[in-house]
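Peer 1: Have a look at this one.
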Amino acid sequence: MKHPEDPSGVSRRGFLKGASLGVAASTVLGSARAEVKEASGVPDARLLKAADEHEISFVLNGEKTKAKVRTGHTLLETLRDQLDKTGTKLVCDFGTCGACTVLVDGKPVNSCLTLAVDVAGHQVETIEGMEQNGKLHPIQEAFCAEDGLQCGFCTPGMVMSSKALLDANPKPSLDETKAALSGNLCRCGTYINIFRAVERASKGK
Ligand code: FES
Ligand code: FES
């Protein structure tokens with residue numbers, strides 16, 4: 001019944017009735033949404049996360065290696081954050097500088113652009129695999145001998161690209177060396193010494 005002094009024209013009983021209907025309606029709607037969600041088969045975020053974990057196996061610097069990765073994880077993230085191979089550097093994270101270069105089946109790749117799941121079953125070489133029995137690889141020796149580095153941040157990528165070049169073409173011309181290293185940038189401008197280092201390594205000095 002309408003209160004005689006209620007200017008809105010809504011009685012107290014009418015308001016309470018409406019409110020309780022509203023609560024009942026939202027409860028029904030809520031359970032209906034839950035049923036729809038269940039019926040739609042859309043999993044929640046935790047299930048999605050668990051479903052997106054993959055164990056991959058590959059050979060890293062000659063050793064069988066396993067890692068648990070998500071679909072979107074890059075090889076660079078997996079190497080640095082999970083496998084503690086921090087010699088491979090993160091600079092641009094965009095495929096433009098070559099600091100993150102590693103070898104996959106002997107070919108240089110930007111590990112910041114390579115999905116970890118894509119190296120499953122493949123051979124990966126990083127700068128950590130160059131030294132053998134405490135002795136630097138001849139290419140590393142040549143970089144030291146020719147002062148082929150200043151800050152050293154580009155160096156692991158430069159060395160890996162140089163290895164890919166010399167493995168495929170042991171006696172490259174200067175132009176071939178420049179072409180092979182064209183994806184590796186050196187902000188310190190050490191290019192001349194790097195090219196000399198590759199030449200020295202190619203001559204086995
Ligand atoms: S960090 Fe991968 S290309 Fe620069
Ligand atoms: S030595 Fe510094 S970026 Fe190349």
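Here, each number is a calculation from the coordinates, and none is a lab measurement. A quick note: this is a predicted structure, and the numbers were derived from the prediction, not measured. Quick reminder, even Gly has a Cβ in these numbers, built from the backbone with ideal geometry, and neighbours come from all protein chains shown.
Peer 1: Just the ratio, please: alpha-carbon radius of gyration of the stretch 107-205 over 2.2 N^0.38 Å, N its number of residues.
Peer 2: Normalised Cα radius of gyration, the stretch 107-205: 1.06.
Peer 1: Any idea which of CYS144, PHE195, GLY157 is furthest toward the positive side of the dipole for the stretch 53-197, if Lys and Arg beta-carbons carry +1 and Asp and Glu beta-carbons -1?
Peer 2: It is PHE195, whose Cα lies furthest towards the positive end.
Peer 1: A further question on this structure: Can you tell me the FRET efficiency between LYS66 and GLU141 if r is taken as the Cβ-Cβ distance and R0 is 30 Å, rounded to the nearest 0.05?
Peer 2: So the FRET efficiency works out to roughly 0.40.
Peer 1: Continuing with this model, one more query. Pop out the ³J(HN,Hα) list for the stretch 152-169 in order, Karplus 6.51 cos²θ - 1.76 cosθ + 1.60 with θ = phi - 60°, rounded to Hz; leave Gly and Pro as x.
Peer 2: Values, residue by residue: x, 6, 7, 4, x, x, 4, 5, 5, 5, 5, 5, 4, 4, 5, 5, 8, 8 Hz.
Peer 1: Dipole of the stretch 63-117, Cα-centred, from +1 at each Lys and Arg C-beta and -1 at each Asp and Glu C-beta, to the nearest 20 debye?
Peer 2: 140
Peer 1: Further, regarding this structure: For the peptides 145-156, 95-106, what is the packing order when you average, over each peptide's residues, the other Cβ atoms within 10 Å and list the highest mean first?
Peer 2: Result, highest mean Cβ count within 10 Å first: 95-106, 145-156.
Peer 1: Can you return the aspartates and glutamates within cross-link range of LYS68? Criterion is Cα-Cα under 18 Å, with same-chain partners fewer than 8 residues away left out.
Peer 2: Result set, ordered by chain and number: ASP52, GLU53, GLU55, GLU77, ASP81, ASP84, ASP118.
Peer 1: Using alpha carbons only, how many angstrom separate the centre of the stretch 173-205 from the centre of the stretch 118-142?
Peer 2: Distance between centres, Cα-based: 18 Å.
Peer 1: Right, something else. Taking 0.36 nm per residue of separation and subtracting the Cα-Cα distance, what length does fully extending LYS171 through GLN82 add?
Peer 2: Between LYS171 and GLN82, full extension yields an extra 28.4 nm.
Peer 1: Moving on. So for the pair GLU131, HIS54, with labels modelled 7 Å out along Cα→Cβ, what separation do we get in nm?
Peer 2: 3.3
Peer 1: Give me the distance in nm between label points sitting 7 Å out from Cα along the Cα-to-Cβ direction at HIS122 and ASP105, one decimal.
Peer 2: 0.7
Peer 1: For a test of the definition: using alpha carbon positions, the gyration tensor, and the 1.5 limit on a/c, classify the stretch 115-155 as rounded, prolate or oblate.
Peer 2: Since a/c reaches 1.5 but b/c is at least a/b, the shape of the stretch 115-155 is classed as oblate.
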